[in-house]
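K.L.:
Quick one: this structure, given as C-alpha cells, is what I'll be asking you about.
The values are calculated or read from the model by the stated rules, or taken from the named source; none is laboratory data. Given the structure is predicted, the values throughout are model-derived calculations rather than measurements. Counting neighbours? That spans all protein chains shown, and the Cβs are built from the backbone with ideal geometry, glycine included. For accessibility, only protein heavy atoms count, side chains too; no ligands or nucleic acids. Shrake-Rupley method; radii C 1.70, N 1.55, O 1.52, S 1.80 Å.
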Amino acid sequence: NIFYIDLRESEEQIWQGLDKGCKSAIKKAEKNGIIVKDIGEKGISKFKDLNIETMRRDNAKESYYDFDFSKIYWALPSALLGAYSGNKLVAGVFLLYQGDYCHYFLAASDDEFRTSGVGNFLLWEAIRWAKGLNSFKLFNLGGGLKTGDGLESFKRSFSHKTKPFYT
C-alpha cells in the first residue's frame with residue numbers, strides 16, 4: 001500500500017489529518033527559520049550531494065549512487081524543492097507529477113538537520129505546493145521499504161489514507 005493525501009480537501013482538513021508529532025516538527029522548523037523554495041535545475045547538483053549523504057547514512061546499495069537526476073528532471077514533469085537554513089541547502093524533495101497525481105519521489109537531508117523537523121516541514125510545503133497548483137487530486141506519499149519501517153511511519157504521520165499500488 002501507498003499513503004496519499006487527497007488534495008481536493010482544504011488545507012485545514014489536510015493539516016488536521018497530520019499526526020501531532022508531525023505538526024510539532026513542522027512548527028519547530030518554521031520557528032527555526034527554515035524556508036522552502038523551488039530550486040529547479042540549478043539545485044540538482046546540490047540535491048545529488050545531499051542524496052548521496054542520505055544514502056550513505058541509510059546504508060543504501062552502491063548501485064543507487066550514480067542516479068542521474070538531471071535526466072529525470074528534463075524527461076518527466078517534475079519539481080525540485082529545497083529547504084534552507086540561511087543560505088545553506090539542508091534538505092530537498094524531488095517531485096514527479098502527471099495528470100491528477102503528484103508523487104513524492106525522493107528526499108534527502110543534511111545529517112546535521114535530521115532532528116530539526118526540516119523533513120516534515122519540507123514535505124508539508126511540497127504538499128502545499130502541489131495543492132496550490134489546483135491541478136492535482138492526489139499527492140502520493142508512497143510507502144515504506146517494508147511494513148512498519150521508519151519510512152512508512154514517517155509517511156503515515158502525514159496521512160493514514162492508503163491505496164494499493166501496482167507496477
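K.L.:
Using the per-residue mean of other Cβ atoms lying within 10 Å as a proxy for protection, in what order, highest first, do the peptides 142-154, 99-111 fall?
P.N.:
99-111, 142-154
K.L.:
Quick one: length gained pulling LYS31 to ASN59 fully straight, 0.36 nm per residue minus the C-alpha distance?
P.N.:
Gain in length upon complete extension: 7.0 nm.
K.L.:
Under a point spin-label approximation (7 Å from Cα along Cα-to-Cβ), what is the LEU133-SER24 distance to one decimal in nm?
P.N.:
According to this spin-label approximation, the distance is 3.3 nm.
K.L.:
For ASN1 and ASN87, what does the FRET efficiency come to when R0 = 30 Å and r is the distance between their Cβ atoms, rounded to the nearest 0.05?
P.N.:
The calculated FRET efficiency here is 0.15.
K.L.:
Could you check how much of the accessible area of segment 1-159 is carbon and sulfur, as a whole percent, using a 1.4 Å probe?
P.N.:
Roughly 48 percent of what the probe reaches on segment 1-159 is carbon or sulfur.
K.L.:
Okay, moving on. With every protein chain present, what is the per residue accessible area of the chain (1.4 Å probe, Å²)?
P.N.:
Here the residues of the chain average 57 Å² of exposed surface.
K.L.:
Now for a different question. Rounded to the nearest 0.05, what FRET efficiency is calculated for TRP15 and ARG114 with R0 set to 30 Å and r the Cβ-Cβ distance?
P.N.:
0.80
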